[in-house]
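See structure below.
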Amino acid sequence: MPYKEDDYLSLSGIQHFEFCRRQWALIHIEQQWEENLRTVEGHLLHTRAHDSLKTETRNDIIITRGMPVFSAELGIYGVCDVVEFHRSDNGALLYGRDGKYLPYPTEYKRGRPKSNDIDILQLTAQAMCLEEMLCCEVKSGFLFYGETRHRYEVNFTNELKDKVRKRFNEMHQYYHRRYTPKVKISKQCKGCSLQHICLPMLGKKSVNDYINSMIKEGTSEKTT
Ligand code: SF4
């Protein structure tokens with residue numbers, strides 16, 4: 001059953017959710033956010049992608065920047081950095097254009113390709129939105145990385161689409177319950193933009209125990 005618009009979640013949240021479910025809940029349920037170098041650099045790269053000319057045409061390709069997308073089936077909304085529309089008989093009709101066009105979403109990322117599929121899932125979610133909005137099959141898209149200055153093609157397999165459906169289904173359940181998972185320390189914590197809000201060093205300690213241990217540490221530092 002399609003979601004109501006009021007229940008739509010941010011598409012880009014799938015990156016946070018895949019990185020750490022607690023991080024996603026802190027940002028999207030509790031509205032906590034903390035900038036670190038990586039997030040600032042990421043924003044700048046996206047702003048550059050969105051700020052350029054909105055639409056340009058090169059031969060049989062239309063390039064659109066900052067295109068809003070949504071999916072009622074997934075209950076999400078977001079913005080595609082760039083969508084390239086390639087002329088194709090299998091594509092969709094576009095308002096004010098002759099012929100049919102197939103969309104290819106492109107997402108800009110700082111850094112280099114990751115060992116996990118976080119970026120790929122985000123791009124797949126964009127493709128699924130475009131499929132629903134334009135009633136056509138979106139077979140592939142691109143991830144562009146600022147550090148390697150290279151773009152990589154991603155094929156949107158059924159496995160990837162199933163994973164995206166499962167993730168958003170889980171996110172809707174968390175959101176509905178306003179559920180923030182407990183800290184689960186992992187190697188991700190080191191590079192996490194929310195570590196000063198999440199306080200993973202608390203671990204399984206209660207807040208009281210943590211404060212007491214901090215006071216003890218402070219006192220012993222003064223006496224040494
Ligand atoms: S610090 Fe660790 S547990 Fe806390 S939100 Fe970040 S990744 Fe998740």
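Observations
- With a simple spin-label model that places each label point 7 Å from the Cα along the Cα-to-Cβ direction, the separation between Asp89 and Leu199 comes to 6.5 nm.
- Here the gap between Thr57 and Val183, fully extended at 0.36 nm per residue and compared with their Cα-Cα distance, gives a gain of 40.5 nm.
- Separation of alpha-carbon centers, the stretch 96-156 and the stretch 1-31, rounded to whole Å: 20 Å
- Once the C-beta distance of Asp162 and Gln32 is scaled by a Förster radius of 41 Å, the resulting FRET efficiency is 0.85 to the nearest 0.05.
- Amide H within-cut-off set for Ser140, under 5 Å, with H built and near neighbours excluded: Phe156
- Difference of contour (0.36 nm per residue) and Cα-Cα distance, Lys114 to Asn169: 17.4 nm
- Entries of Lys184/Lys216; Lys100/Lys166; Lys114/Lys190; Lys54/Lys114 with Cα pairs more than 23 Å apart: Lys184/Lys216; Lys100/Lys166; Lys54/Lys114
- Taking θ as phi - 60° and the Karplus parameters 6.51, -1.76 and 1.60, the scalar couplings of the stretch 82-90 work out to 9, 10, 9, 9, 9, 4, 7, 5, 8 Hz in sequence order, x denoting glycine and proline.
- Least to most buried among Leu94, Leu123 (fewest other Cβ within 10 Å first): Leu94, Leu123
- Of the chymotrypsin sites (Phe, Trp or Tyr not before Pro) in the stretch 109-207, those whose Cβ has at most 14 other Cβ within 10 Å and which sit in DSSP loop: Tyr179
- Taking amide H positions as modeled 1.01 Å from N, with prolines and chain starts lacking one, the residues under 5 Å from Gly91 and 5 or more places away or on another chain are Tyr101.
- The string of couplings for the stretch 10-20 from the Karplus curve (6.51, -1.76, 1.60, θ = phi - 60°) is 6, 4, 5, x, 4, 5, 5, 5, 6, 5, 6 Hz, one whole number per residue in order, with x for Gly and Pro.
Throughout, read-outs are computed from the coordinates displayed, never taken from laboratory work. This one's a predicted model, so the numbers in the text were calculated from it and none came from an experiment. Methodologically, a virtual Cβ is constructed for each residue, glycine included, from the backbone with ideal geometry; neighbour enumeration extends over all protein chains shown.
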